[in-house]
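Shown next, in structure tokens, is the structure this report addresses.
The values are calculated or read from the model by the stated rules, or taken from the named source; none is laboratory data. Everything numeric in this text was worked out from a predicted model, so none of it was measured. Note: ideal-geometry Cβ built from the backbone for every residue, glycine included; neighbour counts use all protein chains shown. Only protein heavy atoms, including side chains, enter the accessible area calculation; ligands, DNA and RNA are left aside. Shrake-Rupley method; radii C 1.70, N 1.55, O 1.52, S 1.80 Å.
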Amino acid sequence: MPTLDAVVQPSLNADFLETHAEGQSWSAQRLLPEKVLQFGEGGFLRGFVDWMIHGMNQKGLFGGRVVVVQPIGQGQIEKLNEQSGAYTLLMRGIEDGKVIERQELITSISRGINPYTHFQDYLRCAHNPDLRFIVSNTTEAGIAFNGEDKLKDEPQASFPGKLTRFLLERYAAFQGDLSKGFVLLPCELIDRNGDRLKETVLQTAANWSLDPEFIRWVETANIFTNTLVDRIVTGYPKDTIEALWDESGYRDDLFDTSEVFHLWVIEGPDSLSSELPLAEAGFNVIIADSMKPYRDRKVGILNGAHTSTALAAYLAGFDYVGDCMDDPLIAGLMRHAIYDEVIPTLTLPRAELELFAEAVFERFSNPFIRHSLQSIALNSVSKYKARVLPSLERFVALRGQLPTRLTFALAALIVFYRGTTVVNGALIGHRNGHPYPVKDNLPILEKMAALWVAFDGSSAGVRKLTDEVLRQTEWWGKDLCEVPGLAIATAEFTSAILAHGIRAALTDLVQSEALHGAMAATSARA
């Protein structure tokens, strides 16, 4: 039983919104047309896309709302409708060196539809002439062709199946009108997600033997954009939700949290800027004819900083990203790797790249996010290949020498994978006498274990071991021993880490570079 002085918080719903919605009145907001169909009701899209659409509406730049489709059988559509599509977003992080906390009541979602229980309601959305954009986040596995999907299914099992059925309904409703196509904005974390989505839709249409005229309409009337999304959305804060409800003054079962930083790169025509004025509304959104330089920037700087530092930081005794950002040695490894070895290899203006890098370092220092180094370490071989190796190779091509920090990161990877037994799918490494699991593809773990079992501890043994690792073409896509000097340098760094520990080896690297720099400066003055 509640005590007499207990405060019962009102629930977030239509009645509450009548008196508490900010900006445009709630009654006026409810009249805005549905312009966006969104596959996915999870925290990411609500903390990213729907937040931006809300911001455009608040500034009078968009005038449209989002109808959300539940992409799988289980979801939160019922709760979303109970709250009239509204929820709270709390953004927390570091911006310009200051801790920032911003909270907004988001009202851009009109309603949610569960196609597993209301399939006809889902199809009726295709008859809405105002509907223009389709957004999705169905996980990396969501954009995949499913040959078991049937046209008669209600609904189809896969996202591409559901989407193809929806596009067919649209085509029929407007008799193939080319002006009634959609702009598709997939947010799944796969490379060239729009191209992949279009490919799966066309595969599905062919599998269903649909009219060639419909297929032409899909290809000509619709814009499948490739996108790059970047924001950490930490979701429902279950550990602190009661306190946040007390602070807000209402109960919100869809409360969402995120970092402050956000970036959305959309590869599409310039005309999208006027249709979707996100940048005009003040959001960090770039619409460009090619997303490649921005993808290279994100992969090289953000992902590269993680992968080139995480394993060394873990071996040095750290467990979380934020903690090692306060350590001059590890933070210095990261900064020098990015500023001296990654940024010089990228094509965007250096000033722009440095601003992005500083934002990345602020994000890593965010006290509200505990990002585990062990989590980053998952599948480090493939991550090094995708995130670090391209920068290393570009640096060699550009400068004719090895980037020392990125090479040191490769040695740290080899030592991190030091173990002789694989248990329950993990290689067992040791740090300060305590075991830790190394998780990767099983053939990689078994090969690493065999190499360490055969290691005899000698200098020659180090070289033999590192050469074997670098020669695994199935891991790296090439024989890395062919990169000039890489095998020798990696063996030297590996030997130093094994003999003296990660901190001492890294300190020696820093001191050696400082000495070489001083000698070069003296020579230049002479």
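Please compute the volume of the convex hull spanned by the alpha-carbon atoms of the chain and report it per residue in Å³.
196
Hey, what angle do you get for helix 459-470 against the long axis of the chain, alpha-carbon based, 0 to 90 degrees rounded to 10?
Compared with the principal axis, the helix lies near 30 degrees.
For a label point 7 Å from the Cα of LEU398 along Cα→C-beta, name the residues of region 290-331 whose backbone N is under 19 Å from it.
Residues 291-309 qualify, since their backbone N sits under 19 Å from the label point.
From the phi angles alone, apply the Karplus equation (6.51, -1.76, 1.60; θ = phi - 60°) to region 184-189 and give each ³J(HN,Hα) in whole Hz, x where the residue is Gly or Pro.
9, 10, x, 10, 5, 7
Hey, what does the equivalent ellipsoid look like for region 325-437, semi-axes from the Cα gyration tensor as sqrt of 5 times each eigenvalue, largest first, whole Å?
Equivalent ellipsoid of region 325-437: 28, 19, 12 Å, largest first.
For Cα pairs less than 8 Å apart in space and 6+ apart in sequence, what is the mean separation divided by the residue count of region 1-149, i.e. the relative contact order in percent?
Here the relative contact order equals 28 percent.
What's the center-to-center distance, using Cα atoms, between region 389-455 and region 252-297 in Å?
Result: 35 Å between the Cα centres.
Summarise the long-distance tail of P(r) for region 1-126 by giving the % of C-alpha pairs beyond 17 Å.
Percentage above 17 Å: 61.
With no solvent and one point on each alpha carbon, what is the Debye value of log10 I(q)/I(0) for region 439-493 at q = 0.17, 0.26 Å⁻¹?
At q = 0.17, 0.26 Å⁻¹ the computed log10 ratios are -0.55, -1.09.
Of LEU228, SER179, SER459, which is farthest on the positive side of the dipole of the chain, counting Cα position, with +1 on Lys and Arg Cβ, -1 on Asp and Glu Cβ, and the Cα centre as origin?
The residue sitting farthest along the positive end of the dipole is SER459.
Can you find, among GLN156, CYS125, PRO115, the residue farthest towards the positive end of the dipole of region 85-160? Put +1 on the C-beta of Lys and Arg, -1 on that of Asp and Glu.
Result: CYS125, furthest along the dipole toward the positive end.
If the chain between ALA351 and ARG471 were fully stretched, how many nm would it gain, using 0.36 nm times the residue separation less the Cα-Cα distance?
My answer for the length gained is 39.5 nm.
Among LEU480, PRO435, MET448, flag the residue with its Cα farthest along the positive direction of the charge dipole of region 413-503, charges on Cβ as +1 for Lys/Arg and -1 for Asp/Glu.
PRO435
Could you grab the Rg to Rh ratio for region 187-293? Cα atoms only, Kirkwood for Rh.
Rounded to two decimals, Rg over Rh is 1.13.
Which whole-number percentage describes the relative contact order of region 134-236, with Cα contacts under 8 Å and a sequence gap of 6 or more?
34
Would you kindly calculate the translational diffusion coefficient of region 223-371, applying Stokes-Einstein with the Kirkwood radius from alpha carbon pairs, for 25 °C and a viscosity of 0.890 mPa s, and quote it in µm² s⁻¹ without decimals?
Here the translational diffusion coefficient equals 140 µm²/s.
Helix-derived [θ] at 222 nm for the chain: sum -39500 (n - 2.57) over DSSP H runs of at least 4, divide by residue count, nearest 500?
-13000 deg cm²/dmol
For the chain, which whole percent of the accessible surface, found with a 1.4 angstrom probe, sits on carbon and sulfur atoms?
52
What FRET efficiency comes out for the pair THR421/ALA144, r = Cβ-Cβ distance, R0 = 25 Å, nearest 0.05?
0.10
Nothing charged except the Cβ atoms of Lys and Arg (+1) and of Asp and Glu (-1): what's the magnitude of the dipole of region 37-84 about its Cα centre? Round to the nearest 20 debye.
Using only the charged Cβ atoms, the result is roughly 180 debye.
Suppose the chain between ASP121 and ALA243 were pulled fully straight at 0.36 nm per residue; how much longer would it get relative to their current alpha carbon spacing?
Full extension of this stretch gives 40.2 nm more.
With +1 on each Lys and Arg Cβ and -1 on each Asp and Glu Cβ, how big is the dipole of region 294-435 about its Cα centre, in debye rounded to the nearest 20?
440
May I ask for the net charge around ASP319, where only other residues with Cβ less than 12 Å from the Cβ of ASP319 are counted and Lys, Arg are +1 while Asp, Glu are -1?
Result for the local shell: +1.
So how exposed is CYS481, as accessible area in Å² (1.4 Å probe, rounded to 10)?
40
Mind checking which lysines have their Cα closer than 18 Å to the Cα of LYS439? Skip sequence neighbours fewer than 8 apart in that chain.
Candidates past the 8-residue exclusion: LYS383, LYS385, LYS447.
Return one whole number: the accessible area per residue of the chain in Å², for a 1.4 Å probe.
Per-residue value: 44 Å².
Return the loop-located chymotrypsin sites (Phe, Trp or Tyr not before Pro) in region 291-392 (DSSP other than H, G, I, E, B) with at most 12 other Cβ atoms within 10 Å of their own Cβ; answer none if there are none.
Those that pass, being in a loop and sparsely packed, number zero.
Given a 1.4 Å probe and heavy atoms of the protein chains only, how would you sort ASP246, ASP230, largest accessible area at the top?
Descending order: ASP246, ASP230.
Please go through region 157-224 and write out the GluC sites (Glu not before Pro) that DSSP classes as loop and that have at most 16 other C-beta atoms within 10 Å.
none
How much accessible area does GLU78 have with a 1.4 Å probe, in Å² rounded to the nearest 10?
Here the residue's solvent-accessible area equals roughly 140 Å².
Going by amide H atoms built from the backbone, whose H comes under 5 Å of the H on LYS439, apart from near neighbours?
Result for LYS439 returns ASN379.
Which order do TRP208, TRP264 take by accessible area at a 1.4 Å probe, largest first?
Highest to lowest solvent-accessible surface, that is TRP208, TRP264.
Determine the dipole magnitude for the chain: charges of +1 sit on the beta-carbon of Lys and Arg, -1 on that of Asp and Glu, nothing else is charged, the reference point is the Cα centre, and the result goes in debye to the nearest 20.
Dipole of the chain, to the nearest 20 debye: 1120 debye.
Evaluate the relative contact order of the chain (contact order divided by residue number), counting alpha-carbon pairs under 8 angstrom at least 6 apart; express in whole percent.
Relative contact order of the chain: 11 percent.
Rounded to the nearest 0.05, what FRET efficiency is calculated for PHE361 and GLU199 with R0 set to 35 Å and r the Cβ-Cβ distance?
It comes out at approximately 0.40.
Using all Cα-Cα distances in region 76-168, what percent lands in each 10 angstrom bin from 0 up to the longest?
13, 33, 30, 15, 7, 1
How big, on average over all directions, is the shadow cast by the Cα convex hull of region 402-486, in nm²?
Averaging across all directions leaves 6.0 nm² for the Cα convex hull.
Quick check: the distance between the Cα centres of region 467-485 and region 161-228, to the nearest angstrom?
Using only Cα atoms to place each centre, the spacing works out to 41 Å.
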